[in-house]
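To start, the structure itself, in structure tokens.
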Ligand code: GCU
């Protein structure tokens, strides 16, 4: 059959649905791996030319892909090929494409990534290609063989490539598309920059033929005296003896996995230093099977609610928090290194926080690991944000897949205490059904942590009411409010408001905030001045202190961030300016108002 290697190529059919991967390996950075980060070639493909043609699929070559996946090299001077990865420019991986080339700042669509690498696979070993995040949809192939597709910009996915890997030169081609769509999670309207690309690490992981794929080890629900968990093997030799050993705590146990490679265990606790933000004690846990072993630093603490209190290790706590996007303002773009994340968490510490709301999507796995060691409690969230396509079943499956992956990834993090199933989702029966299903999924996946969502408040006659029916499914009632910014009332007028919260549960104000251009000074009535933001925080703190069951706040937000929705040329210029720190790293006046509030809260709760 005559083959034209031109762009008029046949349409490819990826018969995979976007969620075909079966889970991913726990604690990936503790495994043997080759890091495939670095400079990857890229081709901007606005019309998806490398992915379609007008003759339809060639069923007989489904396994062997064509289009740009082929990574064709011109063999003779007369051969027509209208793309060439090797001669194409490169982008940093990990990294979003928007911050790496001015031409791509606003780009939404398809970009093809390609890189080659050399490896010598060892007999008896297995190999997995792991992506820690690609925004938004990724079609992945290795050596022109399809591996699969993944949708969702903030959670990891991996493919086994033991069979596809060459001994020597290999090449990966990834078609990435970040087009916003109504049916996606997030949907097509959100207040952050739609950074596209391979935004987190890419690893080639080597494992034994039967390896320890997954495990959980934490204190049992509300139980300081028992650890519990499971081990899941993956491979052919599934029934093995597993030793779990925590030498520093003098704890160990041995279990045997069943025919499916799974074993559950409970370990009675003798003497243990429980993890707290003030003393983020981590223990090295050694898990050893006949064919594999893995170690991990894990902290042990319980988190629960009791009436209107939140108890950490049985003691009432106030969550002194702040919201943060996953963006390094100095790039500006998605963090490219762990130091970017340490910078953000250190700023939160300087604010005297013991808690951070990671908005509005799963942040890098390293963030929760750093929070474990730096001593910060975390609220982690999936981007069920604003007006989702509530009645679309695949949208619900997508959302449930994302919360499942987030919990799968961070279930051993002491820092993570709250799973959030969404943000500011307007009430409707369809939304109700969707969000209740999400709450049920989160509770079913993890009974040792709390579930919440950022709800909306309603106002009538100077009363702020939170009576969202979804509240009955949540452990903590959290809501966003912007009285004094998005309301007709000015900050000094908001103290007239009272609260009517229809749940006898702990309350978190998950957002409050006002914009300020760093360095712009005027009187406190002048919008976007630091003085206005400062006054706003002073009045807000007075107002919210009326809430008797207030047990936490995460103001919006730590540092200014990029948003295409913020185009006031004088004050915003593509930035949401509600940060307490400016995009140049300057602390605004309001930063110190909140810091003082937290110093007092810390004192108030230190004797509880
Ligand atoms: C919303 C939303 C944020 C947004 C913020 C704002 O409530 O949750 O994502 O950036 O308010 O308006 O600044």
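Bear in mind these aren't lab numbers, they're just calculated from the coordinates by the rules spelled out. Keep in mind the model is a prediction, meaning the values are calculated, not measured. FYI the Cβ positions are ideal-geometry reconstructions off the backbone, even for glycines, and counts take in every protein chain you see.
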Note to self: At a 10 Å Cβ-Cβ cut-off, how would you order 25, 367, 260, 463, fewest neighbours first?
What the structure shows: 260, 463, 25, 367
Note to self: Cut-off is 10 Å between beta-carbons; in what order do 173, 384 appear when sorted fewest neighbours first?
What the structure shows: 173, 384
Note to self: Relative contact order for the chain: what percent, with Cα pairs under 8 Å and sequence separation of 6 or more?
What the structure shows: 11
Item checked: Rounded to 10°, Cα long-axis angle of helix 338-350 versus longest principal axis of the chain -> 10
Notebook entry, point to check: Using Cα atoms only, what is the angle between the long axis of helix 530-544 and the major principal axis of the chain, expressed in degrees (0 to 90) to the nearest 10?
Noted result: 70
Next item on the list: Report, for the chain, the % of DSSP beta bridges that are antiparallel, rounded to 5.
Entry: 70
Check: Where does region 181-333 land on the Kirkwood hydrodynamic radius, alpha-carbon pairs, in angstrom?
Finding: 19.0
Next item on the list: Taking 7 Å along the Cα-to-C-beta vector as the label spot, tell me the residue 465-residue 103 distance in nanometres, rounded to one decimal.
Entry: 5.6
Check: What is the spin-label model distance, in nm, from residue 605 to residue 180 if the labels are put 7 Å beyond Cα along the C-beta direction?
Finding: 3.5
Next item on the list: Find the relative contact order for region 65-164 and round it to a whole percent, using C-alpha pairs within less than 8 Å whose residues are 6+ positions apart.
Entry: 24
Note to self: At a threshold of 8 angstrom on Cα-Cα distance, excluding pairs fewer than six apart, so keeping six or more, what relative contact order does region 549-608 reach in percent?
What the structure shows: 25
Item checked: Spacing of the two label points (7 Å from each Cα toward its C-beta) at residue 330 and residue 188, in nm -> 3.8
Next item on the list: Compute the label zone of residue 498 within region 435-463: residues whose backbone N is under 20 Å from the point 7 Å along Cα-to-Cβ.
Entry: 457-463
Margin query: Report the gain in length on full extension from residue 284 to residue 169: 0.36 nm times residue separation, minus Cα-Cα distance, nm rounded to one decimal.
Written below: 37.7 nm
Next item on the list: Taking the chain as the reference, fit the longest principal axis to its C-alpha atoms, fit the long axis of helix 429-445 to the helix C-alpha atoms, and give the angle between the two in degrees, 0 to 90, nearest 10.
Entry: 80
Margin query: Taking 0.36 nm per residue of sequence separation and subtracting the Cα-Cα distance, how much length would be gained by fully extending the chain between residue 260 and residue 48, in nm to one decimal?
Written below: 72.1 nm
Note to self: Please rank 593, 140, 119, fewest neighbouring Cβ atoms within 10 Å first, as an exposure proxy.
What the structure shows: 119, 593, 140
Checklist line | Segment residue 567-residue 343, extension gain: residue separation times 0.36 nm, minus the distance between their alpha carbons | finding: 78.0 nm
Next item on the list: Give the dimensionless ratio obtained when the Cα radius of gyration of the chain is divided by 2.2 N^0.38 Å.
Entry: 1.00
Check: Using 1/(1 + (r/R0)^6) with R0 = 22 angstrom and r between the beta carbons of residue 84 and residue 32, what's the FRET efficiency to the nearest 0.05?
Finding: 0.05
Checklist line | Theoretical ellipticity at 222 nm over the chain - DSSP helices of four or more residues, -39500 (n - 2.57) apiece, nearest 500 | finding: -5000 deg cm²/dmol
